[in-house]
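For reference, the structure discussed in these notes is given below.
The values are calculated or read from the model by the stated rules, or taken from the named source; none is laboratory data. Computed from a predicted model, the values in this text were never measured in an experiment. Cβ placement follows ideal geometry from the backbone for every residue including glycine, while neighbour counts extend to all protein chains displayed. Calculation scope for accessible area: heavy atoms of the full protein, side chains included, ligands and nucleic acids excluded. Shrake-Rupley method; radii C 1.70, N 1.55, O 1.52, S 1.80 Å.
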Amino acid sequence: MTAAAELMDYDEVIERFDPVLGLEVHVELSTSTKMFCGCPVVFGAEPNTQVCPTCLGLPGALPVVNAKGIEAAIRIGLALNCEIAEWCRFARKNYFYPDMPKNFQTSQYDEPIAFNGWLDVELEDGTVVRVDIERAHMEEDTGKSLHVGGSTGRIHGAEHSLLDYNRAGVPLIEIVTKPITGTGARAPEVARAYVTALRDLLRALEVSDVRMDQGSVRCDANVSLMAKDATEFGTRTETKNVNSLRSVERAVRFEMTRQAAVLAEGGTIRLETRHFDESTGSTSSGRPKETSEDYRYFPEPDLVPIAPSREWVEELRKTLPEMPAARRKRIQVEWNLTDLELRDLLNVGAVDVIAATVDAGASPAEARAWWVSHLAQEANTRGVELADLPITPAQVADVIKLVAAGTLTNKLARSVVEGVLAGEGEPVEVVEKRGLKVVSDDSALIVAVDEALAGQPDVLEKIRSGKVAAAGAIVGAVMKATKGQADAKRVRELILERANA
Amino acid sequence: MSELTRMTAAELAAKIQAKEVSAVEVTQAHLDRIADVDPAVHAFLHVSTDSALAQARAVDEDVAAGNQPASPLAGVPLALKDVVTMQGAPTTVGSRMLEGWEPPYDATITTRMLEAGIVILGKTNMDEFAMGSSTENSAYGPTHNPWDLDRIPGGSGGGSSAALASFEAALAIGTDTGGSIRQPGAVTGTVGVKPTYGGVSRYGLVAFSSSLDQAGPCARTVMDAALLHEVIGGHDPLDATSINEPVPPVVQAVREGAIGDLRGVKIGVVKEFSGEGYDPGVMVSFNEAVEQLRVLGAEIVEISCPHFKYALSAYYLIAPSECSSNLARFDAMRYGIRVGDNGERSAEEVMSLTREAGFGAEVKRRIMIGTYALSSGYYDAYYGSAQKVRTLIKRDFDAAYEKVDVLVSPTTPTTAFPIGERADNPMAMYLADLCTIPASMAGHPAMSVPSKLSGIDGLPVGLQIMAPALQETRMYRVAAAYEVARNESDGGPLISRVPELEVAR
Ligand SMILES: [Zn+2]
């Protein structure tokens, strides 16, 4: 173990240095098959079951490009305001690693499919930062190595390693930013906000599962510092595979304070890759970049060049969904939300389910009320995301409609939702099974009203003498008698009617 | 020797369909011949007796049932170069690295041949990973030329050419990267065809140089080659570089050519392929062949292709560069041999030891050259420049084909050289592919047909015929016309003059 790194106080870092960021995000596409063969793309299958001669790199096997992968790459490029190459090629990136079946990665080098774009990123306080995009290119994922017997799970100290090639050949898009400068103290926040915005964008495009916890989005954070009077960027480090939004922010912040301490001592930053430790929030030294391999890129001779026609590109542009930032703005207006209310909805991840509930015919106010009060609590209790509750936006909309039609009271509606969550079926089925229908048959209600009035002659007198407010006591009695299944408004009307009959 | 082994593929198929002979008898005759002469020739690395006989039986059952033949080659025995995958037999590529490796899948051409009822006798010897021009680079020992057992049968497909010339098989499959079908054809007096790049699927061919590799038919007659060409050719969705066009009608072209009329055909003689380094015996045979083409009515024009002289140098940058990447996968992790895995060594160390032990000298030489040529800082000077030369060669061809229909040259500058003669001199070895490399670099089809024996050493000489991309019909037509004329003036096919081999038993 090396000694813990010296860190500089964050405020002092900002006083003395300007941070420069460069973010590389790898996105696994959720195509049904791999990039260069017909094997299914699935998460969590038994090791080495989703493989074929091509993705195992068997002698003689050849790649064929997955057209859906190219389509997704172009759509991502367009959503990131990139230019789309008229002609580009795959290239081989040559290096040896046991989890890479061919010992070269089929990637793109100097001819990316998309380049020169930007993404506007909104910070917590509403500040918008434009992040310039250098390129988005296509490549294939590697397999996975599992190092057994070591204490760290890393290869060092392991007794043996297991290889799983299920992931080998899964389509990846690598999105690389241009250097992000001028963000000062907010650099870690910008890094997080960029990855968040990118994730939302990819989700809206429906091209990836965007599960950072499952590795379908992986971020490498390049960080360097320049002294306030410097004219050139400092030496950067690349922190690999940071796999949560919070970690992106922490990793950037840690590197800033670590590098500042080194530089302040008169030291130099090594060009190297670093590993982020989730438990300590610190980074540790990995492979030095000086001795990094020469990848000997050359155009992939087994694949033909890709020349997407301008017509196709324009067709794909038409398939782009509303961008998340624009959608948020629209929703805020349409749902009549304050900034704070919108942020709360975003924080609990309720926007999509509410929107879907509204789309299914509910009013925004009611949809919001259901999801953020009752259901958010339920999700919290169960420890799941709102969207993962066993009730769909359509079902919530159904319940809201039943209330609006007078079939259910709010109290009964809650019971219906309970039933749906308990797996008792669709809302109408729960209504039937639990016998929750509002008693709307007047004859039954009249019997109950008459009984209640007869039971409280003093109240009856008051009503007859014009003290209408006294009817409340009778309403209570009727509701009790009908086990709450009556519509209180109708009961009140009937009480006044019968009392004065 | 059974007469069955001397017949052409077309004759054998006809006799099987006519029930004059069974496919099993034909296959058994060839298996017997292999048993008799292969100890001396060493064309085969593996003989698939059981599966070959089973395939033959299936053809016989088809014939008995009165079904239409699966193809015009149903029941004909074929020798498969060991670079092509076939389940149920090892694919070693002539390398220690893949000793005993049984592929879990069939190459597309293997599938097509089996579906056509072709009987696959086994896998033939080759220079390791198809790198060489003599088959001496095989990890399993050299193959001997049936014309003179002390000489090389060409390479890398020397096993396939020797199997044909020793009557062990009526057909063979070769692969050609810089001449590995044509040069073995030339030095064994057989026919070898390299189709247009992308004309025949590469799926299941263990890659040497992906932008150059091409499988093709080998046979003893032009018609047999054409028949096999039509079986293996055509689009394959598993090969992204496969051309999505119908197979050129080469069998029809052979029929037209065999009429012996080449009036209206313009044939270019490549000026640069003569002079120093060319055996006088080869040049006499070549010039006689050109004269015969003129007699058949063709117009003969001398054509200069000034950039062809750079082709060999450019080839020895492009092919090694691609091979350095293609052969990176042999790392002892998933298949093939594993050396030095004692439970202590790291994966990197085991990989290193395995590659040290598994690859032969020529393979290592090319991996090193290619690794160097692709290195950052050298890429533009080497790989980049070589690609520019490739473009210039294509332009030379384009200019030539504005003036002529096909080009001709000797296939290789010399006749078969003695085993061992060039083993320690790679540069001399590389010169064997001098005339075949330009068409490979351009992706054009080219073939070798036997011309007359060299008057100096009495060994076979090949005439190379080249054509523009996808214009295989032109070269097959010229080849067929020449074959008929040559056989008439020479008193029969050249292959009938191959010496009798001593029988082992
Ligand atoms: Zn696969």
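Things worth noting here:
- Applying Stokes-Einstein at 37 °C and 0.692 mPa s to the Kirkwood radius of region B:393-434, computed over alpha-carbon pairs, gives a translational diffusion coefficient of 258 µm² s⁻¹.
- Total charge dipole magnitude, region A:225-326, about the Cα centre, Cβ charges on Lys, Arg, Asp, Glu only, Debye to nearest 20: 360
- For region B:183-210, heavy-atom accessible area (probe 1.4 Å) falls by no less than 50 Å² from the chain alone to the full protein assembly at B:Y203.
- Phi-derived couplings, Karplus 6.51 cos²θ - 1.76 cosθ + 1.60 at θ = phi - 60°, listed residue by residue for region B:182-187: 6, 5, x, x, 4, 7 Hz, with x used for Gly and Pro.
- A probe of 1.4 angstrom, applied to the heavy atoms of all protein chains, finds A:S373 with accessible area near 60 square angstrom.
- Using θ = phi - 60° and Karplus 6.51 cos²θ - 1.76 cosθ + 1.60, couplings along region B:263-278 (whole Hz; Gly, Pro as x): 4, x, 8, 9, 10, x, 9, 6, 4, 5, 8, 6, x, 4, x, 9
- Adding -39500 (n - 2.57) for every DSSP H run of four residues or longer, then dividing by how many residues chain B holds, sets the calculated 222 nm ellipticity at -12000 deg cm²/dmol.
- Across A:K401/A:K433; A:K467/A:K489; A:K329/A:K401; A:K178/A:K318; A:K93/B:K394, pairs whose alpha-carbon gap is larger than 21 Å: A:K329/A:K401; A:K178/A:K318; A:K93/B:K394
- Virtual paramagnetic centre 7 Å along Cα→Cβ of A:Y97, amide N under 20 Å, in region A:225-259: A:237-244, A:248
- Of all lysines in the structure, the ones whose alpha carbon falls short of 28 Å from that of B:K15, not counting any fewer than 8 places away in one chain, are B:K81, B:K123.
- The listed residues B:I337, B:I109 rank as B:I337, B:I109 when sorted by accessible area, largest first, using a 1.4 Å probe.
- Counting, for every residue in A:47-56, the Cβ atoms of other protein chains within 10 Å of its Cβ and taking the mean gives 2.
- In chain B, the DSSP beta bridges split such that about 65 percent are antiparallel, to the nearest 5.
- The residues of region B:310-389 expose on average 43 square angstrom of accessible surface per residue, using a 1.4 Å probe on protein heavy atoms.
- Residues of chain A: accessible area per residue with a 1.4 Å probe, Å²: 48
- Farthest positive-ward along chain B dipole, Cα basis, beta-carbon charges - from B:G455, B:G268, B:I419: B:G268
- Whole-Hz ³J(HN,Hα) from phi, Karplus 6.51 cos²θ - 1.76 cosθ + 1.60, for region A:371-388, glycine and proline x: 6, 7, 9, 4, 6, 4, 4, 4, 4, 4, 4, 7, x, 10, 6, 3, 5, 8
- To put it simply, the accessible area of region A:322-434 at a 1.4 Å probe is 51 percent carbon and sulfur.
- Each Lys or Arg adds one and each Asp or Glu takes one away; over the other residues whose Cβ falls under 13 Å from the Cβ of A:D213, this sums to 0.
- The helix-only estimate of mean residue ellipticity at 222 nm for chain A, built from DSSP H runs of length n ≥ 4 each weighted as -39500 (n - 2.57), is -11500 deg cm²/dmol after division by the residue total.
- In Å², nearest 10: area of B:H46 left accessible to a 1.4 Å probe: 60
- Debye, to nearest 20: dipole size of region A:322-434, +1 on Lys, Arg Cβ, -1 on Asp, Glu Cβ: 240
- When Rg and the Kirkwood radius Rh are both evaluated on Cα atoms of region B:310-389, their ratio Rg/Rh stands at 1.10.
- When the accessible areas of B alone and A alone are added and the area of the pair subtracted, with a 1.4 Å probe, the result is around 2700 Å², both sides summed.
- Amide H partners (placed H, <5 Å) of A:G60, local residues excluded: B:A207
- Using the Cβ of A:K433 as centre and a radius below 14 Å, the other residues enclosed give a net charge of -3, where K and R count +1 and D and E count -1.
- Reachable aspartates and glutamates from A:K411, criterion Cα separation under 12 angstrom, eight or more residues apart if same chain: A:D487
- Part-to-part distance (alpha-carbon centres) for region B:422-459 and region B:1-75, which is given in Å: 31
- Listed residues A:V372, B:S409, B:P104: farthest to the positive end of the dipole of the protein assembly as shown (Cβ charges): A:V372
- Using the Cβ of A:L345 as centre and a radius below 14 Å, the other residues enclosed give a net charge of -1, where K and R count +1 and D and E count -1.
- Net lengthening on full extension, A:R434/A:A394 (0.36 nm per residue, minus Cα-Cα): 12.4 nm
- Taking 0.36 nm per residue of separation and subtracting the current Cα-Cα distance, fully stretching the chain between A:D442 and A:S279 would add 52.2 nm.
- In this structure, B:E20 and B:Q87 have a Cβ-Cβ separation that, at R0 = 30 Å, corresponds to a calculated FRET efficiency of about 0.40.
- Its Cα gyration tensor gives region A:10-312 an equivalent ellipsoid. The semi-axes, each the square root of 5 times an eigenvalue, are 32, 24, 18 Å from largest down.
- Inter-label distance for A:W312 and A:F233, nm, one decimal - labels placed 7 Å from Cα along Cα-to-Cβ: 3.3
- Taking all protein chains together and rolling a 1.4 Å probe, B:K19 ends up with roughly 130 Å² accessible.
- 5 angstrom amide H check on B:V301, placed H, neighbours 5+ away: B:I267, B:G268, B:V269
- Simple rule: put +1 on each Lys or Arg Cβ and -1 on each Asp or Glu Cβ in chain B, find the dipole, and look at B:T5, B:N125, B:V63; the Cα lying farthest toward the positive end is B:N125.
- Gain upon complete extension [A:W118, A:K480; 0.36 nm per residue less C-alpha separation]: 124.0 nm
- With a Förster radius of 51 Å applied to the beta-carbon distance between A:D132 and B:Q252, the computed FRET efficiency rounds to 0.25.
- Anisotropy class of region B:372-505 from Cα gyration tensor, a/c 1.5 cut: oblate
- In this structure, the amide hydrogen of A:A91, modeled 1.01 Å from its nitrogen in the peptide plane, lies closer than 5 angstrom to those of A:S107, A:Q108, A:Y109, A:E300, counting only residues at least 5 positions away or on a different chain.
- Note on region B:1-40: Kirkwood hydrodynamic radius from all Cα pairs is 10.4 Å, rounded to one decimal.
- Three-way shape label, region A:234-346, alpha-carbon gyration tensor, a/c 1.5: oblate
- The mean sequence distance of close C-alpha pairs (under 8 Å, at least 6 residues apart), as a share of the length of region B:312-382, puts its relative contact order at 44 percent.
- Volume of the convex hull of chain B (Cα atoms only), normalised per residue: 140 Å³.
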